[in-house]
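Taking it in order: structure first as structure tokens, then the write-up.
The values are calculated or read from the model by the stated rules, or taken from the named source; none is laboratory data. Only a predicted model underlies this, so the values are computations on that prediction, with no experimental measurement involved. Because the Cβ atoms are built from the backbone with ideal geometry, glycine has one as well, and the counts that use them run over all protein chains shown.
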Amino acid sequence: MAETRIHKVSLVTWVLVMSTGLSLFLVSERSLWVIATGVAVFVGAEMVTLPAPSGQRIQLGVGVAAAVLVIFNGDWVSTGAVLGLGMAATWFAMAMSVDPRSVVGTRFLAQSVAFSALVGAYTGVLHLSTFGGDTDRLVALISAGLVWYLARAITKALIGLDRQDLSMRYLWLLSLEDWSVVVGLFATGGLFGFAQPVISWWAIPVAGLPYAFFHLAFVRFSGTRKTYGQTIRALSRIPEVGGLAPDGHSVRTADLSVAVAQEMGMHPDDVNRLEYAALMHDIGKVTLNEPAILKAGYTDDDLARWGSQIIGESPYLRPVATIVERQHEPYRRPGADTDPDLPLASKIIKVASAYDQAVVDFRLGPLEALERLHQGAVYEFDPAVTASLRRVLVHRSIVAA
């Protein structure tokens, strides 16, 4: 139902964007060739994406928009015509090349609102600024970039509220994750816009070369993170393949842990570390192949500590090692207050793992497993985490509301 409503709103938005762009084109003083060139370049840029820290992909059209703002120098009519017609044309181009449902969704809505705010902010600041010359345009461009970024983030967060399994805080933080990519795109577009009137089309290599390094850096970053994730998933299977942990337990625990963390509004970076920790929370069980350890005996805390030591060999994963080390600690001990230093991620893994064990190993129903967690909420399990897990299960239609 929510998805259908978003599609309808985005279709109405497309009609408004198309009609606005066409109306502005008809009254623009710039030639058809100039407007058409701007639209074509914008559409081409929107069809290209760059991997961003949030895990999503950012379209390059914002860089072209920044260049158009500077080159047109406050001509909001022509700028609006290029961006309006460009957005409308992008809709058709993407509908022909990808799943149309992804076009008439959150991306198009967020982009439409953000670009409208971009043109308004640049024009307003440019007219109000009193620095003079290129300084006015630079101040206006920086201000417009900030407005575009916030407008896009707010729109995506508000649209995401239809996802009842995600908290507003998480959606907002996720939307803000991509600031470094946005800064790079605006800087590239702005550099081209300022250079083009002076050195003509030599501005393309002047702006393009720094962008090439910038683009390569983010592609390599994305590839490295993907490789890390694949490696961690492979490592998480070792105890299961060796018969030391239930098959699929690490993946199920990670899935529930991430869902709970998102529902509770953890920072996306912390959610990423939590996922790694949940996948490898049983890695310490590989030590159970040692006869000396089996003979001497061990506890769950020992396994967690050994697993933490294994994970901690990688400097990149040391924050993850801390989460794994403390995963078996109780929410609070009898006669003592809660430990403020106990990571929330550790408490989430403890709850998610216990739930999966109750359902899979002990073959309890979802409600029975939840009841078992609630009974341990006095000392063992954080009641806030347990309540969040219940909301996640309700959203997934596993238990009734």
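Annotations
- Residue within the range 211-219 that is within 26 Å of R318 (Cα to Cα) and in contact (Cβ under 8 Å) with a residue 40 or more places away in the chain present: yes
- Options I348, I398; residue that is of a type in the set (V, I, T), under 15 Å from D255 (Cα atoms) and at pLDDT below 95: I398
- Boolean, F194 is surrounded by 14 or more Cβ atoms within 10 Å (Cβ to Cβ), in contact (Cβ under 8 Å) with a residue 40 or more places away in the chain and in a helix (DSSP H, G or I): yes
- For the range 102-156, filtered to residues that are among the aromatic types (F, W, Y) and part of a helix (DSSP H, G or I), the residue that is farthest from the chain's Cα centre (by Cα) is Y122.
- The criterion of being surrounded by fewer than 24 Cβ atoms within 10 Å (Cβ to Cβ), within 15 Å of G229 (Cα to Cα), at pLDDT below 95 and not hydroxyl-bearing (S, T, Y) holds for D269.
- Meets criteria (more than 21 Å from S250 (Cα to Cα), hydroxyl-bearing (S, T, Y) and surrounded by 15 or more Cβ atoms within 10 Å (Cβ to Cβ)) for Y331: yes
- From the options K295, K347, K285, residue that is closer than 18 Å to E240 by Cα and either in contact with a strand residue (DSSP E or B) (Cβ under 7 Å, 6 or more places away or on another chain) or of a type in the set (K, R) (or both): K285
- For the range 275-304, the set of residues classified as touching a residue at least 40 places away in the same chain (Cβ under 8 Å) and of a type outside the set (D, E, K, R) consists of Y276, A277, A278, L279, M280, H281, I283, G284, V286, L288, N289, listed by residue number.
- Residue that is over 26 Å from L69 (Cβ atoms), small (G, A, S) and not assigned by TED's automatic domain parsing to the domain that holds I71, where the choices are A245, A212, A217: A245
- Residues in the range 263-309 that are over 29 Å from the mean Cα position of the chain (by Cα) and aliphatic (A, V, I, L, M): V286, L288, A292, I293, L294, A296, L303, A304.
- Qualifying residue in the range 63-71 (condition: assigned by TED's automatic domain parsing to the domain that holds G190 and either in contact with a Cys (Cβ under 8 Å, 6 or more places away or on another chain) or among the polar types (S, T, N, Q) (or both)): no
- Looking at V385, V378, just one residue is in the same structural domain as A278 (by TED's automatic domain parsing) and either farther than 21 Å from L279 by Cα or free of Cβ contacts under 8 Å to residues at least 12 places away in the same chain (or both), and that residue is V378.
- Residue in the range 238-256 that is closer than 30 Å to R137 by Cα and either among the aromatic types (F, W, Y) or exposed (fewer than 14 other Cβ atoms within 10 Å of the Cβ) (or both) present: no
- Yes/no for V320 being surrounded by fewer than 18 Cβ atoms within 10 Å (Cβ to Cβ) and either in contact (Cβ under 8 Å) with a residue 40 or more places away in the chain or aliphatic (A, V, I, L, M) (or both): no
- Flag for A245 being of a type in the set (A, V, I, L, M, F, W, C), in contact with a helix residue (DSSP H, G or I) (Cβ under 6 Å, 6 or more places away or on another chain) and in a loop (DSSP other than H, G, I, E, B): yes
- Residues in the range 32-67 that are assigned to a helix (DSSP H, G or I) and within 28 Å of the chain's Cα centre (by Cα): 13 in all.
- Selection status of V48, surrounded by fewer than 16 Cβ atoms within 10 Å (Cβ to Cβ), among the hydrophobic types (A, V, I, L, M, F, W, C) and free of Cβ contacts under 8 Å to residues at least 40 places away in the same chain: yes
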